[in-house]
Amino acid sequence: MLSVMERRWEYLTLLAWRLRVGLGLWFVWSGCQLIFVGGLDRFTQAIDNYQMVAAPFDALIAYTVPWVQIVAGICLMLGLFRRGTILVFCGLVTAFAAAIGWAWAKQLNIACGCHGGDEPIQYWWKVLEFYCYYEAFAFLWWMEMRLRR
(Lines give C-alpha, C1' and ligand atoms only; values in the text may rest on other atoms or scores of the structure.)
Protein backbone atom coordinates (compact mmCIF):
# COMPACT_ATOMS: atom_id res chain seq x y z
CA MET A 1 0.00 0.00 0.00
CA LEU A 2 1.32 3.42 -0.99
CA SER A 3 1.66 6.16 1.56
CA VAL A 4 -0.01 9.53 1.08
CA MET A 5 3.32 11.08 0.06
CA GLU A 6 3.99 8.36 -2.51
CA ARG A 7 0.51 8.78 -4.02
CA ARG A 8 1.00 12.55 -4.11
CA TRP A 9 4.37 12.13 -5.85
CA GLU A 10 2.83 9.74 -8.41
CA TYR A 11 0.08 12.28 -9.07
CA LEU A 12 2.59 15.13 -9.51
CA THR A 13 4.75 12.99 -11.79
CA LEU A 14 1.76 12.13 -13.97
CA LEU A 15 0.70 15.79 -14.02
CA ALA A 16 4.22 16.85 -15.08
CA TRP A 17 4.25 14.23 -17.84
CA ARG A 18 0.86 15.36 -19.14
CA LEU A 19 1.96 18.98 -19.01
CA ARG A 20 5.19 18.23 -20.90
CA VAL A 21 3.32 16.31 -23.59
CA GLY A 22 0.57 18.92 -23.86
CA LEU A 23 2.94 21.88 -24.04
CA GLY A 24 5.21 20.01 -26.42
CA LEU A 25 2.30 19.27 -28.76
CA TRP A 26 1.13 22.88 -28.52
CA PHE A 27 4.52 24.30 -29.47
CA VAL A 28 5.08 21.74 -32.25
CA TRP A 29 1.63 22.57 -33.65
CA SER A 30 2.33 26.30 -33.34
CA GLY A 31 5.69 26.02 -35.13
CA CYS A 32 4.13 23.91 -37.88
CA GLN A 33 1.35 26.48 -38.31
CA LEU A 34 3.94 29.20 -38.81
CA ILE A 35 5.95 27.21 -41.34
CA PHE A 36 3.44 25.17 -43.28
CA VAL A 37 0.14 27.05 -42.96
CA GLY A 38 0.93 30.75 -42.69
CA GLY A 39 4.32 30.58 -44.33
CA LEU A 40 7.62 32.01 -43.20
CA ASP A 41 7.32 35.08 -45.44
CA ARG A 42 4.03 35.92 -43.71
CA PHE A 43 5.64 35.36 -40.30
CA THR A 44 8.51 37.64 -41.33
CA GLN A 45 5.96 40.36 -42.10
CA ALA A 46 4.26 39.77 -38.74
CA ILE A 47 7.60 40.23 -36.98
CA ASP A 48 8.29 43.36 -39.02
CA ASN A 49 4.91 44.76 -37.90
CA TYR A 50 6.20 44.91 -34.31
CA GLN A 51 8.69 47.60 -35.42
CA MET A 52 11.39 46.17 -33.14
CA VAL A 53 13.93 44.82 -35.63
CA ALA A 54 14.72 45.65 -39.23
CA ALA A 55 15.64 43.45 -42.15
CA PRO A 56 17.42 41.04 -42.29
CA PHE A 57 16.92 40.32 -38.58
CA ASP A 58 13.15 39.99 -38.95
CA ALA A 59 13.68 37.18 -41.47
CA LEU A 60 16.37 35.57 -39.32
CA ILE A 61 13.94 35.45 -36.40
CA ALA A 62 11.04 34.27 -38.56
CA TYR A 63 13.04 31.48 -40.16
CA THR A 64 14.56 30.33 -36.84
CA VAL A 65 11.90 30.56 -34.12
CA PRO A 66 9.38 28.05 -35.57
CA TRP A 67 12.07 25.39 -35.95
CA VAL A 68 13.25 26.02 -32.39
CA GLN A 69 9.64 25.62 -31.24
CA ILE A 70 9.28 22.33 -33.10
CA VAL A 71 12.58 20.81 -31.95
CA ALA A 72 12.14 21.97 -28.36
CA GLY A 73 8.52 20.78 -28.36
CA ILE A 74 9.60 17.32 -29.49
CA CYS A 75 12.31 17.27 -26.81
CA LEU A 76 9.76 18.30 -24.17
CA MET A 77 7.34 15.55 -25.23
CA LEU A 78 10.05 12.89 -25.29
CA GLY A 79 11.61 14.06 -22.03
CA LEU A 80 14.96 14.84 -23.67
CA PHE A 81 17.16 17.56 -22.17
CA ARG A 82 14.25 18.53 -19.93
CA ARG A 83 15.88 21.33 -17.96
CA GLY A 84 17.47 22.82 -21.06
CA THR A 85 14.21 22.58 -22.96
CA ILE A 86 12.33 24.33 -20.16
CA LEU A 87 14.92 27.12 -20.24
CA VAL A 88 14.61 27.42 -24.04
CA PHE A 89 10.84 27.77 -23.75
CA CYS A 90 11.15 30.30 -20.94
CA GLY A 91 13.45 32.30 -23.20
CA LEU A 92 11.04 32.08 -26.13
CA VAL A 93 8.06 33.06 -23.98
CA THR A 94 10.03 35.96 -22.50
CA ALA A 95 10.97 37.17 -25.99
CA PHE A 96 7.34 36.86 -27.09
CA ALA A 97 6.18 38.71 -23.96
CA ALA A 98 8.69 41.50 -24.59
CA ALA A 99 7.49 41.84 -28.19
CA ILE A 100 3.85 41.90 -27.12
CA GLY A 101 4.66 44.45 -24.41
CA TRP A 102 6.46 46.59 -26.96
CA ALA A 103 3.48 46.47 -29.33
CA TRP A 104 1.09 47.23 -26.49
CA ALA A 105 3.16 50.21 -25.32
CA LYS A 106 3.18 51.56 -28.89
CA GLN A 107 -0.57 50.80 -29.18
CA LEU A 108 -0.03 48.82 -32.37
CA ASN A 109 -3.14 47.21 -33.78
CA ILE A 110 -1.39 44.26 -35.40
CA ALA A 111 -1.79 40.50 -35.63
CA CYS A 112 0.19 38.55 -33.06
CA GLY A 113 1.74 36.33 -35.71
CA CYS A 114 1.90 33.48 -33.21
CA HIS A 115 -0.01 30.91 -35.25
CA GLY A 116 -0.06 32.47 -38.68
CA GLY A 117 -3.44 34.17 -38.19
CA ASP A 118 -4.53 37.73 -38.96
CA GLU A 119 -6.53 38.46 -35.81
CA PRO A 120 -5.38 41.58 -33.91
CA ILE A 121 -3.62 40.98 -30.60
CA GLN A 122 -5.89 40.74 -27.58
CA TYR A 123 -3.34 42.09 -25.13
CA TRP A 124 -4.96 41.03 -21.85
CA TRP A 125 -5.46 37.49 -23.18
CA LYS A 126 -1.77 37.41 -24.06
CA VAL A 127 -0.89 38.43 -20.51
CA LEU A 128 -2.99 35.52 -19.22
CA GLU A 129 -1.43 33.15 -21.77
CA PHE A 130 2.12 34.12 -20.76
CA TYR A 131 1.24 33.81 -17.08
CA CYS A 132 0.00 30.25 -17.72
CA TYR A 133 3.19 29.38 -19.61
CA TYR A 134 5.35 30.67 -16.76
CA GLU A 135 3.30 28.78 -14.18
CA ALA A 136 3.56 25.56 -16.19
CA PHE A 137 7.31 25.91 -16.72
CA ALA A 138 7.85 26.83 -13.06
CA PHE A 139 6.05 23.65 -12.03
CA LEU A 140 8.06 21.55 -14.50
CA TRP A 141 11.29 23.14 -13.27
CA TRP A 142 10.31 22.44 -9.66
CA MET A 143 9.62 18.82 -10.55
CA GLU A 144 13.00 18.52 -12.28
CA MET A 145 14.74 19.90 -9.21
CA ARG A 146 12.88 17.41 -7.01
CA LEU A 147 13.95 14.55 -9.28
CA ARG A 148 17.61 15.59 -9.02
CA ARG A 149 17.69 15.19 -5.24
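Taking Leu25 as the residue in question, decide whether it is modelled with pLDDT under 95, part of a helix (DSSP H, G or I) and under 18 Å from the mean Cα position of the chain (by Cα). Against the criterion (modelled with pLDDT under 95, part of a helix (DSSP H, G or I) and under 18 Å from the mean Cα position of the chain (by Cα)), Leu25 does not qualify.
Matching residues to (1) in contact (Cβ under 8 Å) with a residue 40 or more places away in the chain; (2) within 19 Å of Val68 (Cα to Cα); (3) not aromatic (Phe, Trp, Tyr):
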| residue | (1), (2), (3) |
| --- | --- |
| Leu87 | no, yes, yes |
| Cys90 | yes, yes, yes |
| Gln107 | no, no, yes |
| Cys114 | yes, yes, yes |
| Tyr123 | no, no, no |
| Lys126 | no, no, yes |
| Phe130 | no, yes, no |
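Selection of helices (runs of 4 or more DSSP H) fully inside segment 30-149 by the criterion of at least 1 residues being among the aromatic types (Phe, Trp, Tyr) and surrounded by fewer than 17 Cβ atoms within 10 Å (Cβ to Cβ) returns 57-78, 82-105, 123-147.
Of the residues making up segment 12-19, one or more are under 22 Å from Ala138 (Cα atoms), within 13 Å of the chain's Cα centre (by Cα) and surrounded by 16 or more Cβ atoms within 10 Å (Cβ to Cβ).
Only one of the numbered conditions (1) of a type in the set (Val, Ile, Thr); (2) in contact (Cβ under 8 Å) with a residue 24 or more places away in the chain; (3) within 23 Å of Asp118 (Cβ to Cβ) is violated by Thr44, and that is (2).
Looking only at segment 131-146, decide whether some residue is more than 19 Å from the chain's Cα centre (by Cα) and within 25 Å of Phe81 (Cα to Cα). Yes - at least one qualifying residue is present in segment 131-146. Is it true that Arg42 is of a type in the set (D, E, K, R) and at pLDDT 95 or above? When the stated conditions are applied, Arg42 does not pass them.
Among the residues of segment 1-14, those that are in a helix (DSSP H, G or I) and free of Cβ contacts under 8 Å to residues at least 12 places away in the same chain comprise Val4, Met5, Glu6, Arg7, Arg8, Trp9, Glu10, Tyr11, Leu14.
The values are calculated or read from the model by the stated rules, or taken from the named source; none is laboratory data. All values derive from a computational prediction rather than experimental measurement. Quick reminder, even Gly has a Cβ in these numbers, built from the backbone with ideal geometry, and neighbours come from all protein chains shown.
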